[in-house]
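Student: Could you have a look at this structure, given as structure tokens, before my questions?
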Amino acid sequence: MTDDVRLVPDPDRPRCFYLYAGESEQSHVDLDDPRHLEFDYVRYLSYVLDALAPKGEPLRVLHLGAGALTLPRYVAATRPGSYQQAVDIDADMIALVRESAPLPKRVKVKVRIGDAREQLAAAPDDCYDVIVLDVFAGNVTPAHLTTVEFTAEVARVLRPGGAFLMNAGDGGQLKYTKALAATIGALFPHGCVLGSTTVLRGRRFGNVVLCGSTRPFDDAAIARRAAGDIFPTRYLDSAEFAAHAKGAPVNTDGSAVASPAPPGLLAEMVRKRSSRGGARP
């Protein structure tokens, strides 16, 4: 579906690649070390995943948005025996990844081509321990994946005590992710947020990870991992999650909009680096 999907070698690490779709940087993957997570938001997702169950315990994970299958590789390495399914609408991207950055033979991930919401609707009740949403159309998250109706489907498909993890882009006053927190909070009584300190303080645009569950998160474990990140990272626990969402509207199918695109300068940096095969901004 994408006109220009390509894997660009990482000049700083052998057998590592950046995945581009058009002008948008989608993923980074290390074929030799699946535990190496280059992008900050993927590390944030891993901090939550690692705290959801005892070390090494297999989980059932549904990835909405596949990219280079970076997170499924990580789960397979850290929780052997996990059942994983990944969904992506871009058949060309999946074909490229399968051919040029294939999964190791021992790693089993079922990949389906299709719209994330449609595939979620087809899943049975109480099926997964974790659902991860990391879907971008270009540089934005589609509106239909951010609503309370969609989140209700997530809650239906999760097992009791399961967790919903979502990546989105935001900046400034964080109005978009505040509405996402309100929407997630409408279905899940416990939540948390991870992001760069500068992003969560509204100083720049970047990725924000939001999570919801019917059981409390291990705040101490996740906060400890966040504090050890290579860049200053902030963790908001359930009380702070509720404060983040306070007063924000709940997204519905009738009101939701796509996530904000990166500011013009940042988008131009991505375009220029993409065209010359460079690294992410």
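Taken together, the values in this text are just the output of simple stated rules run on the coordinates, not laboratory data. Keep in mind that this is a model prediction, so the values were computed, not measured. Please note: Cβ atoms are built from the backbone with ideal geometry, for glycine as well, and neighbour counts cover all protein chains shown.
Student: In what sequence, highest mean first, do 46-55, 208-217, 79-88 appear when ranked by Cβ atoms within 10 angstrom? Display every interim value, and only then the final one.
Tutor: Working: 46-55: 18.0, 208-217: 22.4, 79-88: 19.6.
Descending mean neighbour count gives 208-217, 79-88, 46-55.
Student: Can you give the charge dipole size of the chain about its Cα centre, rounded to the nearest 20 debye, using +1 on the beta carbon of Lys and Arg and -1 on the beta carbon of Asp and Glu?
Tutor: Magnitude of the dipole: close to 540 debye.
Student: Which lysines, on any chain, are close to residue 246 with Cα under 20 Å apart, when same-chain ones fewer than 8 places away are left out?
Tutor: 175, 178
Student: While we're here: Could you work out how far the C-alpha centroid of the range 175-252 sits from that of the range 26-69, in angstrom?
Tutor: Value for the Cα centre distance between the two parts: 18 Å.
Student: For a quick check of your reading of the filter: which trypsin sites (Lys or Arg not before Pro) in the range 15-44 sit in a DSSP loop and have no more than 11 other Cβ atoms within 10 Å?
Tutor: For trypsin sites (Lys or Arg not before Pro) across the range 15-44 that sit outside H, G, I, E and B with at most 11 neighbouring Cβ atoms in 10 Å, the list reads 35.
Student: Of 120, 146, 107, which is farthest towards the positive pole of the range 94-149's charge dipole, taken about the Cα centre with +1 and -1 on the beta-carbons of Lys, Arg and Asp, Glu respectively?
Tutor: Farthest towards the positive end: 107.
Student: Moving on to the next point. Taking the C-alpha atoms of the range 153-259, how large are the radius of gyration and the largest Cα-Cα span, Dmax, in Å?
Tutor: Final numbers for Rg and Dmax: 13.4, 41 Å.
Student: For the range 41-116, what is the Kirkwood estimate of the hydrodynamic radius, computed as the reciprocal of the mean inverse distance between distinct Cα atoms, to one decimal in Å?
Tutor: On the way: mean 1/r = 0.0784 Å⁻¹.
Kirkwood hydrodynamic radius for the range 41-116: 12.8 Å.
Student: Let me ask something else. What is the magnitude of the charge dipole of the range 178-229 about its Cα centre, with +1 placed on the Cβ of each Lys and Arg, -1 on the Cβ of each Asp and Glu, and no other charges, expressed in debye to the nearest 20? Numbers along the way, then the final one.
Tutor: Numbers: 7 positive and 3 negative charges, 44 e Å.
Charge dipole, the range 178-229, about its Cα centre: 220 debye, nearest 20.
Student: Defining a contact as two alpha carbons under 8 Å apart and six or more residues distant in sequence, what relative contact order in percent does the range 40-256 show? Please list the in-between numbers first.
Tutor: Details: 422 pairs, mean separation 44.1, N = 217.
In percent, rounded to a whole number, it is 20.
Student: Given C-alpha coordinates of the chain, what is the ratio Rg to Rh with the Kirkwood estimate of Rh? Present the calculation step by step, with values, prior to reporting the outcome.
Tutor: Numbers: Rg = 17.4 Å, Rh = 18.8 Å.
Radius of gyration over Kirkwood radius for the chain works out to 0.93.
Student: Same structure, new question: Need the C-alpha centroid separation for the range 82-148 versus the range 150-171, integer Å.
Tutor: Their Cα centres are 14 Å away from one another.
Student: Given the C-alpha atoms of the range 202-242, compute the convex hull and give its volume per residue in Å³. Intermediate values should be presented prior to the final figure.
Tutor: Values: hull volume 3.5 nm³, N = 41.
Value for the range 202-242: 85 Å³ per residue.
Student: Counting DSSP beta bridges in the chain, what percent are antiparallel, to the nearest 5?
Tutor: Values: 30 of 49 bridges.
Percentage antiparallel, nearest 5: 60.
Student: Let me ask you something else. Restricting attention to the alpha-carbon atoms of the range 139-180, what are Rg (one decimal) and Dmax (integer), both in Å?
Tutor: Rg then Dmax for the range 139-180, in Å: 11.9, 35.
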